[in-house]
Amino acid sequence: MSKNESKDSVKISIKYLVTIRDSTGRSREEVGFSKGCVLKDVVDWLNGRYDLSLPDPQVMAILNGRGWQQLPSKMATEIKDGDVICLFPPIAGG
């Protein structure tokens, strides 16, 4: 990545856990997006790259420790450099 690209992009980490890891074939990746992109842009990228259907009630999705639906701007939340997204199946206990 050139110096100019780094000014106009953000790099995020995406972690795939349990069955999501099985679906994607990886446990983690670092991905660059254009500066000013929003969570919906990342979701569209994930859906296209891995044939997912996010948001999906069968997938827990969090950004920096908060569920996507808990974010004030929800899918319009701007992505920042260093953000971490985790995707994993819902966990049930008893």
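Each value in this text was obtained by applying a stated rule to the coordinates, not by laboratory testing. Just so you know, these numbers come straight off a predicted model, no measurement behind them. Note that we place each Cβ from the backbone using ideal geometry, even for glycine, and neighbour counts take in every protein chain shown.
In order along the range 50-67, the Karplus-derived 3J(HN,Hα) couplings, from 6.51 cos²θ - 1.76 cosθ + 1.60 at θ = phi - 60°, round to 10, 6, 8, 10, 7, x, 9, x, 8, 10, 7, 10, 10, 10, 6, x, 10, x Hz, and Gly and Pro are given as x. Put simply, the amide H of residue 26, placed in the peptide plane, has no neighbours under 5 Å, leaving out anything fewer than 5 places away on its chain.
I want the local charge near residue 20. Using Cβ-Cβ distances under 14 Å, sum +1 for each Lys or Arg and -1 for each Asp or Glu among the other residues.
Around residue 20, the surrounding residues sum to +1.
For the range 74-89, backbone phi angles converted through the Karplus equation (6.51, -1.76, 1.60; θ = phi - 60°) give residue-by-residue couplings of 6, 6, 8, 5, 6, 7, 10, 4, x, 4, 10, 10, 10, 10, 7, x Hz, Gly and Pro being listed as x. Model label sites at residue 29 and residue 56, defined 7 Å from Cα along the beta-carbon direction, differ in position by 1.5 nm. Close amide-amide hydrogen proximity is noted between residue 77 and 39, 40, each under 5 Å apart and 5 or more residues distant or on a separate chain (H modeled in the peptide plane; Pro and chain starts excluded). Our estimate of slack between residue 76 and residue 17, defined as 0.36 nm per intervening residue step minus the Cα-Cα distance, is 18.8 nm.
Using C-alpha pairs below 8 Å separated by at least 6 residues, the relative contact order for the chain is 39 percent.
If you take the Cα centroid of the range 32-72 and the Cα centroid of the range 75-90, the two points sit 6 Å apart. Close lysine pairs were tallied over the range 3-88: pairs 8 or more places apart or on different chains with Cα atoms under 23 Å apart number 18.
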